[in-house]
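Scroll down for the structure; my scribbles are underneath it.
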Amino acid sequence: MHPNPIFREGETARNLAFLRARSFGVLSVNGASVPLMAHVPFVLSDCGRFARLHLVRSNPIARQIKTPQPAIIAVSGPDSYISPDWYDAPDQVPTWNYVAVQMQGELQPVPQAQLREDLAVLSAHFEGQLAPKPQWRMEKMDQEALSRMMRMILPFRFELKTVEGTWKLNQNKSDDMRRAASKSVAQHGIGQEVGLLSDLMRQEIDP
């Protein structure tokens, strides 16, 4: 997370809403010599206290986690390079605007019998966003084939202890500079989801 508090979003509800909207991030735990990381989809519980996820058995994290261990899930949002020329003001320097939310907590294995329910929740979460397409369900599969595939993955819970967000949207600049930068991001941004980033930058000053 960014060390400057001006960019640190303190509203837990906003950070949790961001996590629910994304539901995909980088899981990291301590390894023997280096941190271990895996990209994972997840579903955050309604109460915001835990997330459901799973890992393939051969994943180094899955092989290591036999008992609860500290872990982080980092979730990235829109981002873009910001050129100093876009501010139309002297003595500015380049920077990068971005949104990122980080969950700190504990990763723990759960019984294999929990996997089917977790997969149903996960698929329903994402399939529901594809409406009006009829939702895919596990019942559509041959159950023997499904059982073979399920034996290849392990279910886990991420127990959330803290959540922190960085919403770096030029809060340290004047309103005019921020509007000018937002317009240029939309037109010339270099990064991911620059249109969304531009909207967020503008909404900070023009709700």
### Query
With no solvent and one point on each alpha carbon, what is the Debye value of log10 I(q)/I(0) for the range 117-207 at q = 0.12 Å⁻¹?
-0.69
### Query
Roughly what percent of Cα-Cα pairs across the range 46-128 reach past 15 Å?
73
### Query
What does the accessible area per residue of the chain come to in Å², with a 1.4 Å probe and no ligands, DNA or RNA counted?
55
### Query
With the radius of gyration and the Kirkwood radius both derived from the Cα set of the range 1-57, what is their ratio Rg to Rh?
1.04
### Summary
The distance between the Cα centres of the range 15-59 and the range 82-122, in whole Å, is 10
### Query
Mind checking the angle between helix 12-22 and the chain's longest principal axis? C-alpha axes, 0 to 90 degrees, to the nearest 10.
70
### Query
Normalized C-alpha radius of gyration of the range 1-98, against 2.2 N^0.38 Å?
1.41
### Query
To the nearest 0.05, what FRET efficiency results for GLN108 and GLN171 with a Förster distance of 41 Å applied to their C-beta separation?
0.65
### Message
Could you order the peptides 82-95, 40-53 from most to least packed, using the average number of other C-beta atoms within 10 Å per residue?
### Response
40-53, 82-95
## Note on the structure
On the formula 1/(1 + (r/R0)^6), with r taken between the Cβ atoms of ALA32 and ASP85 and R0 of 41 Å, the FRET efficiency rounded to 0.05 is 0.30
### Query
Between the DSSP loop rule and a limit of at most 13 other Cβ atoms within 10 Å, which trypsin sites (Lys or Arg not before Pro) in the range 99-153 are left?
ARG137, ARG151
### Query
When only alpha-carbon atoms count, how far does the chain stretch along each of its three principal axes, as whole angstroms with the largest first?
65, 46, 28
### Task
Of the options GLN187, THR166, LEU154, report the single residue whose Cα projects farthest towards the positive end of the charge dipole of the range 148-191 (beta-carbon charges: Lys, Arg +1; Asp, Glu -1).
LEU154
### Query
For the pair ARG148 and GLU11, how long in nm is the line joining their label points, each one 7 Å along Cα→Cβ?
5.0
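The values are calculated or read from the model by the stated rules, or taken from the named source; none is laboratory data. Note that the structure is a prediction, hence the values are computed from the model and not measured. Heads up, the Cβs are rebuilt from the backbone with ideal geometry, glycines too, and the neighbour counts pull from every protein chain shown. What goes into the accessible areas is simple: the full protein's heavy atoms, side chains included, and nothing from ligands, DNA or RNA. Shrake-Rupley method; radii C 1.70, N 1.55, O 1.52, S 1.80 Å.
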